[in-house]
Amino acid sequence: MRPARLHRCSAWSALALASLVSLAACERRAAPPDGGAPAGPREEALPAASAPAAAAPAGVEFLEEITGGADRSEALPLIVAIHGLGDRPESFAGLLAGADVKARLVVPRGLAPYGDGYSWFPLQQALASDAVGQGILRAAAALAATIERISAERPTRGKAIVTGFSQGGALTFALALHHPRVVGAAFPVSGWVPPAVLSGASAADPAAPALVALHGDADRRVPIDPTREAIAALAGRGVKATLESYPGVGHTVTGEMRRDLLQLIRGAAAEMR
């Protein structure tokens, strides 16, 4: 992997941060990349990106890495990985560490500080509330603009491949459903779809991205049943949306989930060639 650099792209105001009720410090950890036993949300950090951050103009910040031994000047598939609550790009980049696909990996930073990391939108109300849904939509709009600008300024091939965990998973859903012009494939992990996000999504569009959600069926922080219902509703509209569930898995990313995610990303990247 080439050294990571921290950039800012476009000018967007940070969302106001409110006290947390629904997710209570649950989003930042995943299983080790080597496929070991799953860790609790705060029990094991992802490996940190290897390079220091670089200064950047005002706006949405992101880390950029080149994977698979590619050259930075090549036209590469764009992978956007969105961290969860309290995490930061320098650690979340480890989820895709060692990815054997030639790609441009971008890991954006949340819009407001939270603990020793960042948050994308306020979570002072229930996950399905309209306030949370509107926060997701605002953050997704900022990310869509950032992705669009990166695609214009970097040599990229095809639309972005987007993934994310928990808050990042909710944003992955929103990007796929509301900003298909910039998203070619979407793989939300342990995410959710509030009514405000689901109701505003358009019906099936030939240009809409394929959407495959990964979710543990023992997740108590972001329960799988509402996500399953949202996927069924989207499929009923003709949207290419499916759900892969993982028995006994809570709010985390296990080695099996990571392997499946990397396989999905490899397949999507191959289609961008």
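Only the coordinates and a few stated rules stand behind these numbers; no lab work does. Every value quoted in this text rests on a predicted model; they were computed, and no experiment measured them. Ideal geometry is used to build each Cβ from the backbone, glycine not excepted, and the neighbour counts take in all protein chains shown.
Annotations for the structure displayed:
- Cα pair count fraction exceeding 14 Å, expressed as % - the stretch 163-235: 54
- For the stretch 131-273, the residue among Met272, Gly236, Val249 whose Cα projects farthest onto the positive side of the dipole built from Cβ charges is Met272.
- Charge tally in the Cβ shell below 14 Å around Glu148, where Lys, Arg are +1 and Asp, Glu are -1, Glu148 excluded: +3
- At an R0 of 30 angstrom, the distance between the Cβ atoms of Asp71 and Arg181 translates into a FRET efficiency of 0.65.
- Sequence-distant residues sharing a close amide H with Tyr246 (under 5 Å, placed H): His215, Gly216, Asp217
- Positive contributions from Lys and Arg (+1) and negative ones from Asp and Glu (-1), summed over other residues with Cβ under 11 Å from the Cβ of Val183, come out at +1.
- Only Lys, Arg, Asp and Glu carry charge here, each on its Cβ (+1 for the first two, -1 for the last two); on that basis the stretch 87-126 has a dipole of about 180 debye about its Cα centre.
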